[in-house]
Amino acid sequence: MRDLNRADLERSVISFFNPLLKAVVSPFDVDCNQDGNLLINSLKTFLGADIDLCRRCRRRYRYLIHPAYRFFSRIMKLDYEFMRNNFLNPGYGLAWLKGYALMMKGIRKYGVRMPFTPAGPFEIVWNLTHVCNLRCAHCYEDAGTLKPELSTDEACQALDVLSKVSGIGVPALSFSGGEPLMRKGFFEIASYAKKRIPYLSIATNGTLLTKDTVSRIKDVGIDYVEISLDGASPHVHDSFRGVPGAFKKTVSGIKNAKDAGLDVCIATTAHKMNLAEIPQVLDIVDQHGTRFMHFNYIPTGRAKDHVALDLTPDERRELLELLADRIIALYFKAKQEEEEKRDSQINVARFFSTSPQFAPVTRDVANAKGAEINVSAHYSVMAGVQAVANFLGGCGAGRLYAALEPNGDLKPCVFLPTNSDNVIGNILRDDFEHLWDTSEKLWELRSRTNLKTHSVEGKQIGCGQCENRYICGGCRARSYAYFGSYVDPDVGCIKNTELWKRVTGAIPA
């Protein structure tokens, strides 16, 4: 309870100073006719880039912005070298810079909040098509059915909208589906997107990743390829994916993508059928030198028919501890290499999870092994941003990212069903920025003070009373799947085991 009170006190103090913080950000938020966006140019200058600012912008920077950067970097304990290496990176630096600009605009618009809400999403996950060549048991999109989709011209119009969000544009876009590679005009859309959005990724089942297709993916400028592998054996993977022979094609796709030099991530949705094989999946990850993403099993879409496949809280925690052990081993290895060679090429951020409990579990495992590691958001551990874990952490639905449906409908998360409860508008019919600023559904998701508890045998259980609600807060899509609301508990957490048993019928109501 002490941690909860401290976090709430921190939130109250920040709220008190928000009028001042908004005023401090105002000199940054300027679009200069000569220099462009001062938010981005000032940070580049602070990090050592040689930017030729006009006289007016140079004076603003020297007397207002530079002192503010120095002050905030000390208060927030930001890692200057981390920021310099990432924000000025010629490959993906612009995505970081746009994310920073949306963050600063978010301060000016909404103040500093816990958890933090930027002026636009850092990422859009676009379910580009309903078409798919597999029939996966867990598909949240219920892909394979014929439903309305944007034309190629309309998809490009949508990209124009996303490239101008809050005057900055979305930093990152992920194509998903269905199977995005089956979408007619995919490479035309991806090429158009690359000219407007700095960081592109694709989530694919991998069966279509021939050498020719992989070459086209690389040529079009897609930065990151996430390939689903739901087992270490053909039997487990193919039975879950619904098509014999899928495993062989997917493994071949992984090899083709790696051989082409693409940044590859193997993604596994963990459930009772494949849990025992996940250590072997991690061996495949190591064999190919890829990243790894654990997807939470959410009983939505076709997965509603297979709720019994969901992991128990104990099974989920054991899996997250397995991933945490991998991260911490890399952390110590990198630390040793830095001590011996004054530098390390070891990438600690190789293991990810969409389970928000990944944050407190990793922290607890790290502390037990003598390491201080915080998860900045539930996806991954990343050096340089641990100081803002309470602000960025936990479920990012409708806050750090949003989802776009094949017909242009917008909703907070891909794991929320596409219905009147969750669709907030349409990318072509509605003003995106107005929706982002005013949607009651989004603001309900962005708050951690409205999370509920349930009474089980006289004990209050749930995310509403948890000390980890700012770095975790539970998965809101799981809350909706089990209770039909955004604010009920995530029954997949070890702290909510009694409630899990009641919901699944293990103990009487």
List the lysines whose Cα sits under 19 Å from the Cα of Lys147, skipping any in the same chain fewer than 8 residues away. Lys184, Lys411
With a cut-off of 8 Å between alpha carbons and a minimum separation of six or more residues, what is the relative contact order of the chain in percent? 14
For the chain, what does the helix formula give at 222 nm: sum of -39500 (n - 2.57) over DSSP H segments with n ≥ 4, over the residue count, nearest 500 deg cm²/dmol? -12500 deg cm²/dmol
Region 443-459 - phi-based ³J(HN,Hα) in whole Hz, Karplus 6.51/-1.76/1.60, Gly and Pro as x: 5, 5, 6, 7, 9, 9, 7, 9, 5, 9, 10, 10, 8, 10, 6, x, 10
Hey, got a sec? Which trypsin sites (Lys or Arg not before Pro) in region 185-294 land in a DSSP loop and have at most 12 other Cβ atoms within 10 Å? Lys195
So the carbon and sulfur contribution to the accessible area of the chain, 1.4 Å probe, in percent, is 52
What shape does region 169-211 take by its C-alpha gyration tensor, where a ≥ b ≥ c are the square roots of the eigenvalues and a/c under 1.5 counts as rounded, a/b above b/c as prolate, and the rest as oblate? prolate
Given a cut-off of 32 Å, name the pairs among Lys109/Lys369; Lys258/Lys333; Lys194/Lys369; Lys248/Lys501; Lys194/Lys495; Lys164/Lys441 whose C-alpha atoms lie farther apart than that in the structure shown. Lys109/Lys369; Lys194/Lys369; Lys248/Lys501; Lys194/Lys495
Taking 0.36 nm per residue of separation and subtracting the Cα-Cα distance, what length does fully extending Ile346 through Ala308 add? 9.8 nm
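Just to be sure I follow the definition: excluding the sites themselves, where is the longest run in the chain that has none of the GluC sites (Glu not before Pro) in a DSSP loop with at most 13 other Cβ atoms within 10 Å? If you can, show how the numbers build up before the last one.
Working: sites that count: Glu372, Glu457.
Here the longest run is 1-371.
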What is the calculated FRET efficiency for Ala368 to Leu428, with r their C-beta to C-beta distance and R₀ = 45 Å, to the nearest 0.05? 0.35
Options (1) 0.95; (2) 0.99; (3) 1.02 - which one matches Rg/Rh (Cα atoms, Kirkwood Rh) as calculated here: (1)
Give me the accessible area per residue for the chain, probe 1.4 Å, as a whole number in Å². 43
Whether region 247-349 is rounded, prolate or oblate, judged on the alpha carbon gyration tensor where a/c under 1.5 counts as rounded: oblate
Provide the per-residue ³J(HN,Hα) series for region 304-310, in order, calculated from phi with Karplus coefficients 6.51, -1.76, 1.60 and θ = phi - 60°, each as a whole number of Hz, with x at glycine and proline positions. 4, 7, 9, 4, 5, 6, 4
Once you put a point 7 Å from the Cα of Lys211 and another 7 Å from the Cα of Lys452, both along the Cβ direction, what distance in nm separates them? 5.7
Return the lysines within reach of Lys44: Cα separation strictly under 16 angstrom, same-chain partners fewer than 8 residues apart disregarded; answer none if there are no such residues. Lys98
For Val30, enumerate residues with amide H under 5 Å from its amide H, sequence gap 5+ or separate chain, H modeled in the peptide plane. Leu38, Leu39
Counting only other residues whose beta carbon sits under 11 Å from that of Trp96, what net charge do I get with K and R as +1, D and E as -1? +3
So, with points 7 Å from each Cα along the Cβ direction, the Ala276-Ser252 label distance in nm works out to 2.9
For region 340-369, which trypsin sites (Lys or Arg not before Pro) pass both filters: DSSP loop (anything but H, G, I, E, B) and at most 10 other C-beta atoms within 10 Å? Arg342
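Classify region 413-489 as rounded, prolate or oblate, taking a ≥ b ≥ c as the square roots of the eigenvalues of its Cα gyration tensor: rounded when a/c is under 1.5, otherwise prolate if a/b is larger than b/c and oblate if not.
prolate
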Interchain or sequence-distant (5+) residues whose placed amide H lies within less than 5 Å of the amide H of Cys265 are Val225, Glu226, Ile227, Arg291
For Phe352, list long-range residues whose amide hydrogen, built 1.01 Å from N in the peptide plane, is under 5 Å from its own amide hydrogen. Phe292, Met293, His294
At most 14 other Cβ atoms within 10 Å and a DSSP loop assignment: could you name the trypsin sites (Lys or Arg not before Pro) in region 418-453 that fit? Arg429
Report ³J(HN,Hα) in whole Hz for each residue of region 49-62, in order, from the Karplus equation J = 6.51 cos²θ - 1.76 cosθ + 1.60 where θ = phi - 60°; Gly and Pro get x. 6, 8, 9, 8, 7, 5, 4, 5, 5, 5, 5, 4, 5, 5
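The values are calculated or read from the model by the stated rules, or taken from the named source; none is laboratory data. Because the structure is predicted, anything quoted here is derived from the model rather than measured. Don't worry about glycine lacking a Cβ; one is built from the backbone with ideal geometry, like all the others, and counts go over all protein chains shown. Ligands, DNA and RNA are excluded from the accessible area calculation, which covers all protein heavy atoms including side chains. Shrake-Rupley method; radii C 1.70, N 1.55, O 1.52, S 1.80 Å.
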